[in-house]
1. Using only helices, what value at 222 nm comes out for the chain when you add -39,500 (n - 2.57) per DSSP H run of length 4 or more and divide by the total residues, to the nearest 500 deg cm²/dmol?
2. Counting trypsin sites (Lys or Arg not before Pro) as exposed when in a DSSP loop with at most 13 other beta carbons within 10 Å, what is the longest stretch of the chain free of them?
3. Can you pull the one-decimal nm distance between simple spin-label points at Leu363 and Arg284, each 7 Å off the Cα toward Cβ?
4. Where both partners of a DSSP beta bridge lie in the chain, what percent of those bridges are antiparallel, to the nearest 5?
5. How far is helix 28-38 tilted off the main Cα axis of the chain, in degrees rounded to 10, range 0 to 90?
6. Rg/Rh for region 455-553: what does it come to with C-alpha atoms and Rh from Kirkwood?
7. Considering the Cα trace of the chain, what is its radius of gyration and what is Dmax, both in angstroms?
8. Grab the Cα-Cα distance for His34 and Ala509, subtract it from 0.36 nm times how many residues apart they are, and report the gain in nm with one decimal.
Amino acid sequence: MRPPRNDMTDLEKNPAMTGSMQHWPLLIWKLIDHAALNHPATEIVTRTVEGPLHRSTWAQAHTRAKRVAGALRALGVQAGDRVGTLAWNTVRHLECWYGISGMGAVAHTINPRLFVDQIVYIVNHARDRVLFFDLSFVDLVRQIAPRLETVEHFVILTDGEHMPPQEAARLLCYEDLLAMQNGDEPWAELDENSPAGLCYTSGTTGNPKGVLYTHRSTVLHAWSVCQPDLLGMSARTSALPVVPMFHANAWGIPHAAAAVGAKLVMPGPDLAAPALQRLIVDERVTLTAAVPTVWLAVLAHLEREGGDLGVLERLIIGGAAAPPSMIEAFEQRYGVSVAHMWGATELSPVGSSGMLCASAAALSPARQLELKCTQGRAPFGVEMVLRDDEGRTLPRDGVQRGRLAVRGPWVVDRYFDSEGGHARDRRDADDWFDTGDIATIDERGYMRIVDRAKDVIKSGGEWISSIELENAAMGCPGVAEVAVIGVDDPKWGERPAMLLTREAGAAVAQADVKAWLRERVAKWWMPEHVIFIESMPHTATGKIMKTALREQFGAAGSKPEKGGVKP
Ligand code: AMP
């Protein structure tokens, strides 16, 4: 071999070299290290489970997260072990998140609104060794503890004064555990692809499936959601995540807040509209996020009681489709900019946002509202494609509807410890994740969810979007919530049935809804049945539970007996 010439560059001498920048693994604890160093006095305010408002800072949360890490090591927890949390959005829960992943274990957030059997299933499936839980869940934990096969330590997230006396002997007290640590526990030096968080999807069929996030996926997601077209977070933000940390990581807000040094306002267990409005005003909240049902209640409260939303700039609605009437009401009556967001547990969870792009500024207000009601455009890091039932890619023309598939560094690859394992759609070599949503994408990249694949109504071979029908009916005065399901029809195969609830004190009737819809939807979309019900069933993540409605009203495909609606 010829010796290298003196004038050769490093790359010419060694074509296999990988570049010469530092290797800095993307680890979650670096987020809170950054916040504590650069934004030490920025506040984290919590409405506590015990009642009073509690004020902490990033510096304090950092030290206490290190104490959590030390306490877990003292309890024998090892890197890779799962540690469960059954907790509201509070600073203690935040400390647990950073402490658990910071010592190399996996923070497994458990949704307390799931059925008891599902909670037992996921704790056992995850093989949680320690369970941290709020005082609100003492009865629940007492009930399930005998069925939990792997939990060795139960820790109540409270202090000695509030420990339930009859439990004290069997349970560990969070503040006592932390008091035994000095707060200078070293973080774990890990590969950035190590697991850090675990969240189970609340599937309506079969057992819940676990999504095991990595340090890298979490940090990249946090970085991304800070961007102006997503959550738009900065060191001037005061963020109120109403969306729970146990549902898809509170949309990344607790991690993103550390990345930029934002103030966090944690609502604890009181998610009722009056409490949220008070927090928004008193804590000068500029950004907040939740599912549509939460904002429906806040709107109704504001309309009833008067009042405003303080200095709130941006309100994010996601998890289910935001009705246009709600976006309009917040923007026009309360001067808040509303962004619609779409995502899923499998996407960490954020996949797109409906912020307007520059070319949309020239559009009419009505057309702008239409765009805001779409689920929006993908950020860098999320690739989207629409495909037909044969797996062929569909054009981005805003018209053709297909199954929405995604891929990217914060999209699930395979479910945690599941048989078969792969979450990816393996029909082609590119391994996209099929979201189960039916959507269109337009030339600007705005994606619109038409339906869940399992909710779409096929009438006479044509599709009727349950979401579009629901959106149309939501604007009808006096209507509180709407769900549209498919019901069997001997002639058309399926026809839409609309279930509604009324706002308190409203007298809106079937004929009013039909008249309202007649002006807004195609004739063949008119629901076959319009039925008012007492209350709308919701899932553990605050979405309308269509499976329950299908069972109750004998809808297509999933009913105990066939033969149309049971009024
Ligand atoms: P989850 O994993 O519980 O967050 O559920 C994810 C699913 O919620 C998505 O696949 C969508 O069907 C639905 N979803 C989330 N965000 C939206 C949205 N903005 N509009 C309509 N559906 C949504």
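Quick note: the coordinates plus some simple rules give every number you see, no bench work behind them. On a predicted model such as this, the values are computed, not experimentally measured, just so you know. Using ideal geometry, Cβ is built from the backbone for each residue, glycine included, and neighbour counts are taken over all protein chains shown.
1. It comes out at -8000 deg cm²/dmol, rounded to the nearest 500.
2. Answer from the scan: 6-169.
3. Simple spin-label model gives 3.5 nm for this pair.
4. For the chain, the DSSP antiparallel bridge percentage is about 55.
5. Once rounded, the angle reads 80 degrees.
6. 0.95
7. 24.8, 91
8. Result: 165.4 nm gained on full extension.
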